[in-house]
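The values are calculated or read from the model by the stated rules, or taken from the named source; none is laboratory data. Being a predicted model, the structure only gives us computed values, none of them experimental. Ideal geometry is used to build each Cβ from the backbone, glycine not excepted, and the neighbour counts take in all protein chains shown. We work out accessible area using only protein heavy atoms, side chains counted, and drop any ligands, DNA or RNA first. Shrake-Rupley method; radii C 1.70, N 1.55, O 1.52, S 1.80 Å.
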Amino acid sequence: MGSNELRVIVVGGGLAGLAATVRIAEAGLPVDLFSLVPVKRSHSVCAQGGINACNEVARQQGYSEYEHFDETIYGGDFLQHQPPVYEMAHMAPKIIDLLDRMGVPFNRTAEGMRDLRLFGGSLYKRTHFAGATTGQQLMYALDEQTRRYRSEGKVTAYEFWEFLWPVIDVDGKCRGIVAQDLRTMQIRSFRADAVVIATGGCGLVFGQSTNSVMCTGGAASRCYQAGVKYANAEFIQVHPTAIPGADKLRLMSESARGEGGRVWVPAVKKDGKWAPHPDSGRDPRKLDEATERWYFLEEKYPAYGNIVPRDIATREIFSVCMAGFGVGGGNMVYLDLTHRSREFLETRLGGIIEIYRKFVGEDPAELPMKIFPGVHYSMGGLWTQYAPKGDLKGMVKGDPRNMMTNVEGLYAFGEVNYQYHGANRLGANALLSCIFDGLFCGEGVAGYVREMGADPASQASASMYDEVVRREESRIKSLLSSKGGENPYQIAKELGAEMTAASTVVKSGARLEKALAKLEELRGRHERMSLADTGSWANQNLNWARVVGDMLALADPILRGGLMREESRGSHYREDFTERNDERFLKTSVAEFDATTGRSRITHEDVEIGLVKPRVRNYGKVGSKSKTKKNEPATASA
Amino acid sequence: MSSKNDAKGKAANTRTVRFNIKRCDGPGQPSRWERFDVPVQSSSAGSGSANVISCLQWIAANPVTIEGRKTTPVSFDCGCLEEVCGACTMVINGQVRQSCSCLMDSCAPNDGDEVTLEPMSKFPVNRDLFVDRSRLFNDLERIRGWVPIDGTYDLGAGPRETPEQQQQRYKLSECMSCGCCLEACPQYTLEPDEKEWDHAFVGAAVISQTRYFNMHATGKELAKQRLDVMSGPGGVSDCGNAQNCVKVCPKEIPLTESIGSVGRQTTIHKIREFFMGR
Amino acid sequence: MAQNKSFLEKHHFLLRRLHSLAGVVPIGVFLLFHLTTNASIVWGAINKGKFEGVHPGAATFQHEVGFIHSLPALILIEIFGLWLPIAFHSVLGVYYATTGKNNVAHYKYQGNWRYTLQRISGYIGVLFIFYHVATLRWHWTFLVPGGTKWSGEWAASTLAAAIQGSESGFTAMGVVVALFYMLGVSLLVFHLANGLWTAAITWGLTISEQAQKRWGYVCAAAGVGLMALAWSAVIGFATLDYEEARLAEERVRHGEVTIVTESQRADAGERE
């Protein structure tokens, strides 16, 4: 390491991490990139549907960047700070152009233009896509650009390395990290003048989710335990359409609905009202379209129909199943694409059709898919700040504060950042926010590091780093020597089941309290584990045991934040407080870790709503009291 | 979203699958076989079929062999579990594939069925079923696997493209670097020594990526450098045309067409070089 | 060894393509002519009616051999047009083949079988060609059961005797030789047909799956045709009666029998 050389560490090699890496490397700073997996295998590859941005076609139909901004705010139930969202929506078309230049094979129209599709929460076609594996395609494009910098020596990748702890100096500045090689198990420190955490979501806290196995939230949790605030933890998106599996829930993209997929359950009309079908397990093709199929989303939301936002679709699907309408009496509804031609499905939805075929063994072109909601995305994440423009229309470009946590020099980008999505994320906005963070806020990181030039991490005292290394080593030693008999896999399983039962689609105060008590029990048991593998080479058992503790720490603000939030908003639905309460809760929940109890302390802070005033959010539901203020175009093109 | 299972119900729809797993404690260590009996739920209850991953997870939580001996959990690599990340590739019953999409319902449908798991043989083993595929990524670097853009600032849209070409590129771009084509290739060899990587056969995945980047209007800029690699030792001419690659590719990428295409590109590249100089 | 390696690496592409090319031209073309000539032991019989009492195949064959032996600087043609290309193709081919490791046990695809067979046919083909040339051309008669020395003057009869193990029909060792011939030519024909198919991919002539499939049919058809020639030649000589052939050869040499094609008939007419 050069004597006065400035460096940046990026933890996480998904879309946000790679976008940041590329931008920071381009700014001339060397980057050390840490990832649990070869970056090409990051969870971003699982994103399917697409990426939103205003485009010329939509613009000429009346859409604009402002509309995109407004939809995102409305979709998020007004819980997000508006300036960053404003900036993101306005940069979106440029991001698409850039990805296009990088060679992403976006689907094309006959004329060779980028094709567009409809997506949840919008009546305009504004979603760009590459088949049904858009995330994979964007990931690969950024992976390729990163590879270019790697080959030039500007980026050093540490793959199969696990982030363990941020190194924070006495002034509260982040000066590097401690990480572990997952093969040699070596623990060592790395110096850096800024650290970007881009480690994604925490689906594994819920046991089964649509997330990849590394999405434990471990890195976020460690930062939180090290003193970084964690915001809006209770907002967990449950995706309406997933297919159940023994190991995970597999996502069936919202694009299935955007491309015309219809959601229905077998039903019969009794006295003018739908009732569960007496033979709901029957061959769905034999059920009469008019009298035996209840297209409940289309009936309840005539304007948006099947493309209502995820929180709404999820709750509706959940409630019809609870009311006994589920296919075969179970927890499943139909997502029907059989009216689309096979060729159409192959070119526009190929990736997910294949997943369904491989994992369920049925052909969606022949039979409607059977789906049920599954935990998908964390709107909440590490608390970050931003530098708003004077008129609140966007952020100050290059400002070091953009997406910096409360620990100076420690940034959070992508899903691990709580910004942009409020109480519910709109489909195809995640890829956007990840890349936006990397590109727009990456510049702020470079700016921050340049300011640090007078006091580079390379000159900081070694003892500060050694101390964190020693602490991590002793933590591992105690895990390896513990003989309490508890099994980390069992603890994780129980945690997942409890979290899923208490804190997903429908929550209540009493249930959350019960879950917090269970969490207390699990924390105690985590102290008394015995590891089946005490070796010192590629010990996955040890890594898992450690991260289970971090998941337990993160589960606390998810539950407690939900308990404190006595309202219903976006993905957070309390059956004991069914209405939104702007007066008390148009606020960000901010969690701080209490090291003595292992619990979180929750406070609430105001949300910047200077651009769009909160309005009723019902997506034109039939029978709801007030119409939404904005006039929605009548032509919801199919 | 919760599953209730009383003891009686469990017995009725549970079968036992025997796993024979080739294990190895680390690079250079001898390998050994261990056997595990794993209870597998039948998927009738709408819970989805068990797969190799869920069985390995079960073993991790209950690491006891059929002889009743306690052992360590089996190390393996996995990520997305929906066959888009490529991590969980291994050799199952003698054939390479992703373990996430290997469903027990189809590969071990009956009580007492056996499943054999081995690590890929063309890559050095880190531990058990967990292998080191860095050579594959190194080869992507060698062929300059990227589009040489001018930077990430706003310079307008990329080149227009016909839907036909997009469909062709998209198919190639689905390659997740899983290594199935390399494992099944009789010409691709295990090269633990990094020094050999520059002249050992690169295999179908990398040849196909060469074609992918050479198809793009901007990507073409580096075509000559890529073809230099492709016409050199370990390049496309080392292909023996067994065409196993295309058979085992989980994404059904037309790898043999890529081999033909890159073959043609190298032919033209070399003839041009012969007559017109470099 | 190190130097050898660097030479191979330096000219990697050229050697690979020359190897591929040599298999088609001259070796493949030669094989076509060679098999056609040898199969004349059978197709010569088409003209049976034109000859009185001699074996028409043997006569035709003797005439063909006579023509070939009349070529100027035959030894140079043989060395540079045949032996060196074959040696080059064989040596490099064996080296290339050793860089792979067949796995048909696990991946039983048709293409993989052909890959494996291509290599096996290469190895056995080299041995067969060596035996064939050594015994008949270089007269290593100690390798010929019965010790027959093949002669261009008595082309059909000595060949029949060399394959059958004696001048008076099959011996036990003769059966072995005949079977070896059958195996050798079959494998070489397969090697050529399959080689033509892979060469088209290697050079980039066939790219799409459809094109590869179509060219595959063409190669298969060519293979079947060549195989027919090859088998007729071997079977023809294996069943040829020594004395009968002897008679035909004698009469061809004395100009008592002429051969059949129109041009040759015309040639013969002019000479008279």
(request) Could you run through region A:583-604 and say how many residues are among the charged types (D, E, K, R) and within 22 Å of the chain's Cα centre (by Cα)? (result) 2
(message) Regarding region C:110-132, can at least one residue be identified that is under 30 Å from B:ALA184 (Cα atoms) and assigned to a loop (DSSP other than H, G, I, E, B)?
(response) no
(message) Just to verify a result, which residue in region A:254-311, among those that are among the β-branched types (Val, Ile, Thr) and over 18 Å from A:ASN331 (Cβ atoms), is surrounded by the fewest Cβ atoms within 10 Å (Cβ to Cβ)?
(response) A:THR291
(request) Among what's in region B:88-130 and is out of contact with any Lys or Arg (no Cβ under 9 Å at 6 or more places or on another chain) and of a type in the set (Ser, Thr, Tyr), pick the residue that is modelled with the lowest pLDDT. (result) B:SER106
(message) Quick test for you: out of A:GLY13, A:GLY28, pick the one residue that is open to solvent by 10 Å² or more (accessible area, probe 1.4 Å), in a loop (DSSP other than H, G, I, E, B) and either of a type in the set (Gly, Ala, Ser) or within 14 Å of another protein chain (Cβ to nearest Cβ) (or both).
(response) A:GLY28
(message) Please go through region A:116-127 and give me each residue that is assigned to a loop (DSSP other than H, G, I, E, B) and crowded, with 21+ Cβ neighbours inside 10 Å, ordered by number.
(response) A:LEU118, A:PHE119, A:GLY120, A:GLY121, A:SER122, A:LEU123, A:TYR124, A:ARG126
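Name the one entry in A:GLY390, A:GLY422, A:GLY409 that is surrounded by fewer than 24 Cβ atoms within 10 Å (Cβ to Cβ) and modelled with pLDDT of 95 or more.
Selected residue: A:GLY390, the only one of A:GLY390, A:GLY422, A:GLY409 that is surrounded by fewer than 24 Cβ atoms within 10 Å (Cβ to Cβ) and modelled with pLDDT of 95 or more.
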(message) Looking at A:HIS43 and the list (1) open to solvent by less than 30 Å² (accessible area, probe 1.4 Å); (2) under 21 Å from A:PHE163 (Cα atoms), which single condition is not satisfied?
(response) (1)
(request) Check B:CYS185, B:CYS175 and return the single one that is open to solvent by 10 Å² or more (accessible area, probe 1.4 Å) and touching a Cys at 6+ places or on another chain (Cβ under 7 Å). (result) B:CYS185
(message) Exactly one of these conditions fails for A:GLY218: (1) under 30 Å from A:VAL622 (Cα atoms); (2) more than 14 Å from every other protein chain (Cβ to nearest Cβ). Give me its number.
(response) (1)
(request) Starting from residues that are at the interface with chain B (Cβ under 7 Å from one of its Cβ atoms) and open to solvent by 20 Å² or more (accessible area, probe 1.4 Å), keep the ones in region C:104-125 and report whichever is farthest from B:LEU255 (Cα to Cα). (result) C:HIS106
(message) Conditions first: (1) under 18 Å from the mean Cα position of the chain (by Cα); (2) over 17 Å from A:GLY12 (Cβ atoms); (3) open to solvent by 10 Å² or more (accessible area, probe 1.4 Å). A:SER209 passes all but one, so which condition is the exception?
(response) (3)
(request) Give the number of residues within region A:128-157 that are assigned to a loop (DSSP other than H, G, I, E, B) and either more than 8 Å from chain B (Cβ to nearest Cβ) or surrounded by fewer than 24 Cβ atoms within 10 Å (Cβ to Cβ) (or both). (result) 5
(request) Just need a number here: residues in region A:402-422 that are within 15 Å of A:GLU608 (Cβ to Cβ) and more than 12 Å from the chain's Cα centre (by Cα). (result) 2
(message) For region B:180-198, give me the residue count where each residue is assigned to a loop (DSSP other than H, G, I, E, B) and under 17 Å from C:LYS101 (Cα atoms).
(response) 9
(message) Out of everything in region C:191-224 that is open to solvent by less than 70 Å² (accessible area, probe 1.4 Å) and more than 14 Å from every other protein chain (Cβ to nearest Cβ), what residue ends up being nearest to B:ILE268 (Cα to Cα)?
(response) C:LEU192
(message) For A:ILE491, only one of the following conditions fails: (1) more than 30 Å from A:ARG23 (Cα to Cα); (2) buried (at least 19 other Cβ atoms within 10 Å of the Cβ); (3) touching a strand residue (DSSP E or B) at 6+ places or on another chain (Cβ under 6 Å). What is its number?
(response) (3)
(message) Take the conditions exposed (fewer than 14 other Cβ atoms within 10 Å of the Cβ) and within 20 Å of A:THR597 (Cβ to Cβ) and apply them to A:SER478. Does it pass?
(response) yes
(request) Provide a single number: the residues in region A:450-466 that are part of a loop (DSSP other than H, G, I, E, B) and at pLDDT below 90. (result) 1
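Residue by residue, here is whether (1) modelled with pLDDT under 95; (2) touching a Leu at 6+ places or on another chain (Cβ under 6 Å) holds:
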site: A:ARG175; (1), (2): no, no
site: A:ARG188; (1), (2): no, no
site: A:ALA192; (1), (2): no, no
site: A:VAL195; (1), (2): no, yes
site: A:GLN208; (1), (2): yes, yes
site: A:ALA219; (1), (2): no, no
site: A:SER253; (1), (2): yes, no
site: A:VAL263; (1), (2): no, yes
(request) Search region A:347-363 for residues that are at the interface with chain B (Cβ under 9 Å from one of its Cβ atoms) and pair each with any residue that is surrounded by fewer than 22 Cβ atoms within 10 Å (Cβ to Cβ) when their beta-carbon atoms are under 7 Å apart and the residues are at least 6 apart or on different chains. (result) A:THR347/B:GLN167; A:LYS358/B:SER101; A:PHE359/B:SER101
(request) Need at least 2 residues that are at the interface with another protein chain (Cβ under 8 Å from one of its Cβ atoms) per element, so show me which strands (runs of 3 or more DSSP E) inside region B:71-179 make the cut, counting only ones lying wholly within it. (result) B:125-127
(message) I need the full set of residues from region A:399-419 which are within 8 Å of A:MET379 (Cα to Cα) and part of a loop (DSSP other than H, G, I, E, B), in order please.
(response) A:TYR418, A:GLN419
(message) I'm trying to understand the selection: among the residues of region C:126-141, which are open to solvent by 40 Å² or more (accessible area, probe 1.4 Å), within 13 Å of the chain's Cα centre (by Cα) and over 16 Å from C:VAL91 (Cβ atoms)?
(response) C:HIS132
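Can you tell me which residue in region A:611-626 is farthest from A:THR72 (Cα to Cα), limited to those that are of a type in the set (Gly, Ala, Ser) and open to solvent by 40 Å² or more (accessible area, probe 1.4 Å)?
Across region A:611-626, the extreme among qualifying residues is A:GLY623.
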